[in-house]
1. Taking SER124 as the residue in question, decide whether it is over 15 Å from ASN19 (Cβ atoms), at pLDDT 90 or above and surrounded by fewer than 17 Cβ atoms within 10 Å (Cβ to Cβ).
2. Of the residues that sit in the range 26-44 and are of a type in the set (Phe, Trp, Tyr) and modelled with pLDDT under 90, which one is nearest to the chain's Cα centre (by Cα)?
3. Which ones in the range 124-165 are among the small types (Gly, Ala, Ser) and touching a Gly at 6+ places or on another chain (Cβ under 6 Å)?
4. Restricting to the range 181-192, count the residues that are open to solvent by 60 Å² or more (accessible area, probe 1.4 Å) and over 13 Å from the mean Cα position of the chain (by Cα).
5. Write out, first by first residue and then by second, each pair whose Cβ atoms fall under 8 Å of each other, whose residues are 6+ apart or on separate chains, and whose first residue, in the range 153-165, is over 18 Å from PHE188 (Cα atoms) and free of Cβ contacts under 8 Å to residues at least 40 places away in the same chain while the second is open to solvent by 70 Å² or more (accessible area, probe 1.4 Å) and outside any helix (DSSP H, G or I).
6. Can you tell me which residues in the range 1-40 are open to solvent by less than 70 Å² (accessible area, probe 1.4 Å) and either outside any helix (DSSP H, G or I) or in contact with a strand residue (DSSP E or B) (Cβ under 7 Å, 6 or more places away or on another chain) (or both)?
Amino acid sequence: GLSLLKFLFMIIELLKNFNYYFSFFICSFLIILKFIFKKDRINYVIISILILFIFFLQAIIISYLQYLAFKNPLGKFLLPPYQPINYFLGYISYHYFKDLFLRLISGLINLLIVISLNFLFKYSLFYSEEYKIIFLSSILLSFPLNILILPLGFLIITMFHLKNLIFNKTSMLEKISLKDYWLFICFFLIIINIMAINNIILKADNFFNFMP
């Protein structure tokens, strides 16, 4: 009935925002683990794989709930045999799998950039552990915020270099690593991510409240 349909859409809306708060939890947990409990041996590769799996599972569950929601007397015309199956697959791909795809692609692009830069500068820019942290940070953020990780990191490195050059009289060629800062950059961007999505939701609510 109508109450079941409303319930399904409410669950779908809640699950659609799950990844933002899950990312906040994971990033906070890693920061506490690394800097408060001093755990240096963190397997970022396994954690990244688990995060991607959970996000994929989230998309599968929402897609199934969307299918159930479409099976109402009106929505059934959006499903086979009234519409080709490609319509529904295209719908869930765009609305529920696109975010995961963009997170993964952005993470791989960021990883390729840091590996290439490190190779060009004879492995003097990044430690190997930073590859894993940067990829993990990229998949914790939605697009396009995850493409800001590297520019923001390079800006911080430049500021550190300028500070050292002015106050400590050190060379601009001295290596400055952000190995211990990438997670904090990620955390800062996750906060912006959550604020942005909440602002969008708030605007949507206001729009429907003023509808005649």
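The values are calculated or read from the model by the stated rules, or taken from the named source; none is laboratory data. Remember, it's a predicted structure, so these values are computed and weren't measured experimentally. Note that we place each Cβ from the backbone using ideal geometry, even for glycine, and neighbour counts take in every protein chain shown. With ligands, DNA and RNA removed, areas are computed over all heavy atoms of the protein, side chains included. Shrake-Rupley method; radii C 1.70, N 1.55, O 1.52, S 1.80 Å.
1. no
2. PHE35
3. Scanning the range 124-165 gives a single hit, SER138.
4. Residues in the range 181-192 being open to solvent by 60 Å² or more (accessible area, probe 1.4 Å) and over 13 Å from the mean Cα position of the chain (by Cα): 2 in total.
5. Going by the 8 Å Cβ cut-off, the qualifying pairs are HIS161/MET172; HIS161/GLU174; ASN164/GLU174; LEU165/MET172.
6. ASN17 - this is the single residue of the range 1-40 that is open to solvent by less than 70 Å² (accessible area, probe 1.4 Å) and either outside any helix (DSSP H, G or I) or in contact with a strand residue (DSSP E or B) (Cβ under 7 Å, 6 or more places away or on another chain) (or both).
This table checks each residue for (1) at pLDDT 80 or above; (2) in contact with a helix residue (DSSP H, G or I) (Cβ under 7 Å, 6 or more places away or on another chain); (3) open to solvent by less than 50 Å² (accessible area, probe 1.4 Å).
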position	(1), (2), (3)
LEU150	yes, yes, yes
ILE157	yes, no, yes
HIS161	no, no, yes
LEU165	no, no, no
ILE194	yes, yes, yes
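Per-residue answers, yes or no, for (1) out of contact with any helix residue (DSSP H, G or I) (no Cβ under 6 Å at 6 or more places or on another chain); (2) at pLDDT below 95:
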residue	(1), (2)
GLN58	no, yes
TYR64	yes, yes
TYR67	yes, yes
LEU78	no, yes
ILE85	yes, yes
TYR94	yes, yes
LEU108	yes, no
LEU120	yes, yes
